[in-house]
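Below: the structure, in structure tokens.
The values are calculated or read from the model by the stated rules, or taken from the named source; none is laboratory data. This is a predicted model, so every value here is computed, not measured. Positions of Cβ are backbone-derived with ideal geometry, glycine not excepted, and every protein chain shown enters the neighbour counts. These area figures cover heavy atoms from the full protein model, side chains too; ligands, DNA and RNA do not enter into them. Shrake-Rupley method; radii C 1.70, N 1.55, O 1.52, S 1.80 Å.
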Amino acid sequence: MIFHVLTIFPEFFRGPFEHGVVARGAKNGLLQIRIHNLRDWTSDFHKTVDDRPFGGGEGMVLKAQPIFEAAETVLPERDRTKQRIALLSAHGPLFDQRAARRLLEFEEVLLICGRYEGVDERVSEHLADEEISIGDYVLSGGELAAAVVVDAVARLIPGVLGNEESSQRESFCGPGGDAEAESGQAGILDCPHYTRPAVFRGWSVPEVLLGGNHAEIRKWRNRAAMEKTRRLRADLLAERAPGRTPERE
Ligand code: SAH
């Protein structure tokens with residue numbers, strides 16, 4: 001899978017993709033991340049990417065022309081079944097695990113990072129297939145949001161997570177794992193995890209995890225995941241189809 005990121009701050013991405021599973025996935029050829037500098041598609045001396053808003057008002061707006069031309073260069077043969085162009089924006093539907101799984105269907109994803117007051121609306125209207133927001137708050141640029149999207153999608157690519165890590169049984173996966181996630185279920189939270197020591201400052205790890213009874217451990221994890229979901233994210237349970245058993249197998 002190829003991720004393209006269009007930004008006026010290419011250096012921003014020096015850090016985020018050079019660590020952990022995403023970096024390893026790239027090194028192993030399971031994914032590619034290509035960062036494109038929007039200023040490469042300007043023709044004036046100052047490499048201008050922004051201009052004042054029509055109608056007046058504060059701030060500057062990213063111009064349509066460099067963004068369209070960049071997208072046309074990066075994805076010269078546009079195939080909407082295989083490629084997805086997404087504009088990072090506070091206006092989009094919220095990005096969640098299901099949205100991450102949907103992006104996984106594409107071979108190439110181009111993420112356009114806005115800045116300043118935002119992006120000329122014609123990018124949303126006539127270029128992007130979708131807008132993506134990572135939350136109901138306003139960031140100063142789309143770069144952090146793009147890093148979030150790449151990370152969340154990249155770790156779902158088969159092989160990116162090692163044996164010791166698995167996306168099959170994670171938060172927002174349903175009891176049925178991937179199959180259920182694909183069916184549109186909201187999923188529940190992951191169970192709590194503990195590591196050594198068994199007693200830390202007087203707080204003990206649940207007894208069942210210290211024994212080797214895997215059936216009991218599985219049951220405990222299911223119960224604990226449900227309890228945690230009920231306590232912290234009851235909204236996820238409300239979203240579930242009625243009549244479904246919420247326990248994981
Ligand atoms: N004037 C805009 C905010 C622009 S912030 C408004 O009020 O909605 C500048 C850029 O940051 C945006 O163009 C977008 O690319 C990015 N951005 C801001 N908040 C975001 C969010 N919640 N999710 C994704 N991108 C966001």
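Please sort 196-204, 44-52, 223-231 by packing, taking for each peptide the average over its residues of neighbouring beta carbons within 10 angstrom, highest first. Can you show the working numbers first?
Working: 196-204: 8.7, 44-52: 12.3, 223-231: 16.2.
Going from most to least packed, we get 223-231, 44-52, 196-204.
Overall size of the stretch 1-88 from C-alpha positions, given as principal axis extents largest first: 48, 31, 25 Å. Taking the helices alone, the chain has a mean residue ellipticity at 222 nm of -9000 deg cm²/dmol, built from -39,500 (n - 2.57) per DSSP H run of at least 4 residues and averaged over all its residues. Solvent-accessible area per residue in the stretch 2-154 equals 54 Å², computed with a 1.4 angstrom probe and all protein chains kept. Taking the 1.4 Å solvent-accessible surface of the stretch 2-154 as the whole, the part contributed by carbon and sulfur is 50%. Sorting 55-62, 83-90, 7-14 by their mean Cβ neighbour count within 10 Å, with the most densely packed peptide first, gives 83-90, 7-14, 55-62. The phi torsions of the stretch 77-94, fed into the Karplus equation with coefficients 6.51, -1.76 and 1.60 and a -60° offset, translate into couplings of 10, 6, 10, 5, 7, 10, 10, 10, 10, 10, 9, 6, 6, 5, 8, x, x, 5 Hz, rounded to whole numbers, with Gly and Pro shown as x.
Put simply, the amide H of GLY118, placed in the peptide plane, has neighbours under 5 Å in LEU62, leaving out anything fewer than 5 places away on its chain.
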